[in-house]
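Below is one structure; the comments refer to it alone.
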Amino acid sequence: MRILQLIDSMAVGGAERMAVNIANLFSKENIPNILVASRSNGPMNDFLLDKESFLCLHKKSFSDFKAFRQLISTARNFKPTHIHVHDSSVFWGVMLKQFLPSSKLVWHAHYGGFSGNDQRFGNKIKFIAGSIDAVITVNEELKDWIEKELPKIHHVAYIQNFPDLPVAVSRQHTAEVILCLANLKPPKNHHLLVNAFLEFVAAYPGYKLKLVGSTDNPVYLSEIQEMISRNGMEDSIHIEGTQLNLTPYMEEAQFAVLSSDVEGLPVSLLELGLGKVPIITTAVGQCEALFEKGEFGYLVEPGKKEELLGAMLHVAANISEAKNKAELFASHVSAKFGNMNFLGKYTNLLNGLS
């Protein structure tokens with residue numbers, strides 16, 4: 001195998017984390033690989049073990065021919081057996097494949113909304129499906145959607161994301177902190193979490209809510225900031241922005257909450273799992289299956305403030321129970337979502353391509 005990965009940017013996000021985790025796994029296993037960011041560099045570059053096998057094209061638009069020619073040149077020199085593209089990079093991947101006809105194109109679909117009403121560019125995939133040799137999905141629902149909607153793609157596999165925490169997390173000195181690891185953008189529904197927290201602090205006034213994630217969506221950021229200001233919660237709700245070192249946040253958090261309307265298989269939940277942080281999450285994407293219907297954490301229906309509030313109050317009042325679930329989840333993540341589990345399934349998929 002010789003793998004060229006293509007992703008839009010190196011910003012902090014689930015797909016970007018997985019691209020870096022995969023690149024590092026390949027490097028550790030001596031699998032020749034190169035990671036190409038088409039649009040922009042970013043913080044996730046700091047986590048790459050082999051920075052010599054990274055390239056940023058700095059493309060300015062979809063039709064940036066100069067950047068695309070550089071991609072073609074890089075690919076021809078590298079001679080990949082497989083082009084592994086993440087999310088929207090599939091479109092450039094299809095074009096690149098025309099210049100490398102012996103390479104196989106593998107699309108890594110991370111966005112859970114493809115299988116629902118919010119499909120982003122999902123419908124456009126139908127026009128290029130015949131050029132895609134295989135798809136990796138991050139949950140079973142996505143796999144079912146692709147098999148139904150894109151029958152031209154004959155190889156579809158659900159392969160679980162895997163986490164990669166650089167250092168061990170010590171939780172000896174937690175505080176009254178609720179942690180949310182999610183980029184500030186509409187599918188993550190921070191509005192729901194903030195509204196629930198406003199009522200939660202009436203019962204537990206000492207708690208603080210920390211929102212860790214990129215703030216690249218100015219409209220969404222402004223809405224959350226306005227909610228905080230309107231309710232006089234500046235001392236209790238902190239927007240931390242992008243943070244590369246998550247360890248201090250995991251070490252202090254009493255528990256974590258993910259209030260998303262849409263998810264695939266969140267890498268953040270796997271990282272929190274390895275950190276043994278108790279978790280409340282909405283039952284979207286692969287989250288319900290991931291938590292074994294509540295054995296390893298607390299599940300609530302998306303968009304239901306009272307249900308989310310009830311779970312938060314329950315966890316705050318039953319920390320020992322929540323910690324026990326977190327311990328079980330940590331063992332589950334280590335056993336079922338390790339990097340070698342990913343590599344085995346990945347290799348089987350690629351070996352099955354004619």
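Label 7 Å along Cα→Cβ of Tyr204; segment 319-335 residues with amide nitrogen under 12 Å?
Of the residues in segment 319-335, 319-323 have backbone N under 12 Å from the label point off Tyr204.
If we sort 87-94, 14-21, 297-304, 243-250 on the protection proxy, mean other Cβ atoms within 10 Å, highest first, what's the order?
Output ranking for 87-94, 14-21, 297-304, 243-250: 14-21, 87-94, 297-304, 243-250.
Which sequence of Ser229, Ser236 reflects their accessible areas, 1.4 Å probe, from the largest down?
The most accessible residue leads, giving Ser229, Ser236.
For segment 175-254, state which GluC sites (Glu not before Pro) are in a DSSP loop and have at most 12 other beta carbons lying within 10 Å of their beta carbon.
Counting only loop positions with at most 12 other Cβ atoms within 10 Å, the GluC sites (Glu not before Pro) in segment 175-254 are Glu234.
Mind computing the radius of gyration and Dmax over the alpha-carbon atoms of the chain? Å is fine for both.
Rg then Dmax for the chain, in Å: 20.5, 63.
For segment 22-41 and segment 312-340, what is the centre-to-centre distance using only Cα atoms, to the nearest Å?
Using only Cα atoms, the two centres lie 31 Å from each other.
Can you pull the one-decimal nm distance between simple spin-label points at Asn339 and Ile319, each 7 Å off the Cα toward Cβ?
So the two model labels end up 3.4 nm from each other.
Cα to Cα, under 26 Å, and not fewer than 8 places away if on the same chain: which lysines meet these conditions relative to Lys66?
Excluding near neighbours in sequence, the set is Lys51, Lys79, Lys97, Lys104, Lys124.
Once the Cα atoms of helix 14-28 and of the chain are each reduced to a long axis, what angle between those two axes, in degrees from 0 to 90 to the nearest 10, is obtained?
Rounded to the nearest ten degrees, it is 60.
Set Lys and Arg Cβ to +1 and Asp and Glu Cβ to -1, take the dipole of segment 295-354 about its Cα centre, and tell me which of Gly303, Ala317, Leu343 lies farthest positive.
Most positive-ward Cα: Leu343.
Cut-off under 30 Å on the C-alpha distance; same-chain residues fewer than 8 positions from Lys305 excluded. Which lysines are left, in chain and number order?
Counting by Cα, and skipping residues close in sequence, Lys305 has these lysines nearby: Lys143, Lys185, Lys188, Lys208, Lys210, Lys276, Lys293, Lys323, Lys325.
Can you compute the helix-only [θ] at 222 nm over the chain? Use -39500 (n - 2.57) per DSSP H run of at least 4 residues, normalise by all residues, nearest 500 deg cm²/dmol.
Result for the chain: -11500 deg cm²/dmol, rounded to the nearest 500.
Please give me, ordered by residue number, the chymotrypsin sites (Phe, Trp or Tyr not before Pro) of segment 1-66 that lie in loop per DSSP and have at most 14 other Cβ atoms within 10 Å.
Answer by residue number: Phe62.
Net charge within 13 Å of Ala11 by Cβ-Cβ distance, Lys/Arg positive one each and Asp/Glu negative one each, not counting Ala11 itself?
Result for the local shell: -2.
The values are calculated or read from the model by the stated rules, or taken from the named source; none is laboratory data. Because the structure is a prediction, the values reported are computed rather than measured. All Cβ positions, glycine included, derive from the backbone under ideal geometry; neighbour counts span all protein chains shown. Areas reflect the complete protein model, heavy atoms only, side chains present, ligands, DNA and RNA absent. Shrake-Rupley method; radii C 1.70, N 1.55, O 1.52, S 1.80 Å.
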